[in-house]
1. Looking at segment B:139-154, is at least one residue under 18 Å from A:L166 (Cα atoms), open to solvent by 10 Å² or more (accessible area, probe 1.4 Å) and within 12 Å of chain A (Cβ to nearest Cβ)?
2. Among A:A105, A:A120, which is over 27 Å from A:L194 (Cβ atoms), modelled with pLDDT of 95 or more, in contact with a helix residue (DSSP H, G or I) (Cβ under 8 Å, 6 or more places away or on another chain) and not β-branched (V, I, T)?
3. Of all the residues that make up segment B:21-52, how many are crowded, with 17+ Cβ neighbours inside 10 Å, within 11 Å of DNA strand D (Cβ to nearest atom) and either at pLDDT below 95 or more than 14 Å from chain A (Cβ to nearest Cβ) (or both)?
4. Would you pick out the residues in segment B:157-169 that are open to solvent by 20 Å² or more (accessible area, probe 1.4 Å) and more than 7 Å from chain A (Cβ to nearest Cβ)?
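The values are calculated or read from the model by the stated rules, or taken from the named source; none is laboratory data. Quantities reported herein were computed from a predicted structural model and do not represent experimental measurements. Reconstructed Cβ throughout: ideal geometry from the backbone, glycine too, with neighbour counts over all protein chains shown. All accessible areas refer to the heavy atoms of the entire protein, side chains included, with ligands and DNA or RNA removed. Shrake-Rupley method; radii C 1.70, N 1.55, O 1.52, S 1.80 Å.
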There are 2 protein chains.
Amino acid sequence: MRTGTGAGMPQRGAVGAEERIRAAAVRLWSERGFHGVGIRELAEEAGLSSATLYHYMGTKEDLLADVMSRGLRRLVLAAERVTQQRAGAGPRMNALVQLHVLTHALRPRETRVVDGELRALSGDRRGGVMSLRDEYERYWRATIDEGRASGAFRVEAPGMARLALLEMCTGVARWYDPGGPMALSEVALGHAQLASRVLGAEELELVDEVDWCRGLVGEIWSGPGGG
Amino acid sequence: MRTGTGAGMPQRGAVGAEERIRAAAVRLWSERGFHGVGIRELAEEAGLSSATLYHYMGTKEDLLADVMSRGLRRLVLAAERVTQQRAGAGPRMNALVQLHVLTHALRPRETRVVDGELRALSGDRRGGVMSLRDEYERYWRATIDEGRASGAFRVEAPGMARLALLEMCTGVARWYDPGGPMALSEVALGHAQLASRVLGAEELELVDEVDWCRGLVGEIWSGPGGG
DNA sequence: GCGGTCCGATCGATCGATCGATAGAGTCAC
DNA sequence: GTGACTCTATCGATCGATCGATCGGACCGC
């Protein structure tokens with residue numbers, strides 16, 4: 001009853017099974033949530049039996065922690081690149097925002113799981129994922145602080161502005177529709193402009209980082225542990 | 001074995017059982033999600049047996065739709081009041097933002113369920129809740145349009161700005177901590193200022209609507225179907 | 001024949017939902 | 001007033017289905 005085993009193939013899923021499982025989990029969890037999808041449906045989506053699933057993963061929660069950590073590590077990696085390759089608070093913030101928006105628009109399923117399923121994690125795993133999230137947000141915090149110190153940003157409550165901006169940009173994954181009326185670059189540049197307004201940096205020249213960020217997202221998300 | 005039936009009481013839960021059930025559902029669902037809490041735990045939290053639960057409600061999903069619709073109807077009611085009692089796009093938007101932020105900060109559990117469990121609803125129920133959400137957002141859309149038409153707001157993509165602002169303000173329910181360093185009125189006024197920046201209305205005088213909105217929220221959320 | 005892959009069968013637990021039964025308060029005929 | 005009857009509120013027990021997870025063994029390339 002299986003479909004692809006025959007004819008000299010190296011064995012159906014020997015390579016990439018873990019990846020297929022993670023991809024299936026992201027597809028289903030992003031639509032209905034961690035507790036809304038059972039092991040059997042997960043297995044079916046990945047093209048395996050539920051027993052085989054457990055050959056590759058630990059518990060269901062282990063799989064979620066894995067998916068979330070991988071997603072967050074990629075975000076951190078991308079933010080690190082931005083920080084290395086863009087100097088000055090203004091250009092750096094501009095690139096961070098466009099990167100965040102593009103990531104959430106291009107990979108809405110991954111980011112929805114990363115942003116929304118923390119509550120399904122218990123104890124230590126929760127803490128580990130939260131510290132990864134904090135590590136990512138540190139790039140935003142540092143850039144905002146830098147801009148305030150240099151006078152490039154004029155904002156009274158930087159902590160609140162950071163949270164507000166992150167919520168605003170993360171929300172893109174909840175409403176952006178590739179088939180809709182708004183082009184991706186409009187959304188990314190538009191949010192960069194809104195961010196500059198929020199931070200009181202309207203004189204900032206808004207460089208279009210869409211293509212560069214798109215390349216970065218593509219590179220990082222097809223890289224090690226890719227997909 | 002029951003506890004409160006004697007001594008002239010009108011019977012333990014005869015009044016308010018539905019309300020107790022909804023409150024229990026909000027408490028548990030806001031922490032672990034609709035699919036993360038079973039009927040038995042729900043019943044225990046409400047102080048009833050799972051069988052008795054079904055005397056008051058339809059299915060579990062009916063209860064969710066009820067909770068969500070009630071929350072959204074309150075939001076709509078509050079937005080309608082704001083629109084009636086504040087004239088001009090600037091003051092109106094200022095009040096709408098402060099109302100939204102206060103509602104999400106004062107009733108984070110209700111709003112988290114309303115904002116985050118739509119995916120657990122199927123078919124018609126989903127549509128009904130979505131149209132209530134659209135009805136609420138229409139107040140924001142109309143106010144932004146009005147401000148653009150009058151020249152009070154200078155924003156290029158009003159649709160995107162509306163979505164960005166809503167995400168930003170809704171996010172308050174995800175991070176605001178009453179015991180934290182930020183006072184509620186700082187958060188509300190701060191978001192009003194960020195909104196005025198986003199909308200390009202920096203010359204707008206930011207009236208403090210915190211007390212008025214707090215009263216409105218208290219009135220509406222303790223009113224019919226209260227809690 | 002060994003190690004890596006894979007699955008059918010099955011585990012105990014829990015899921016959402018329903019059953020029949022009971023306790024008590026109100027109603028009404030007589 | 002009192003017995004028969006109804007209505008609401010409540011529960012213990014239980015339904016069939018599904019949950020997450022495990023086990024033993026089959027298959028297959030090396």
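1. Checked against the condition, which is being under 18 Å from A:L166 (Cα atoms), open to solvent by 10 Å² or more (accessible area, probe 1.4 Å) and within 12 Å of chain A (Cβ to nearest Cβ), segment B:139-154 yields no hits at all.
2. A:A120
3. Count: 4.
4. Result: B:P158, B:G159, B:R162.
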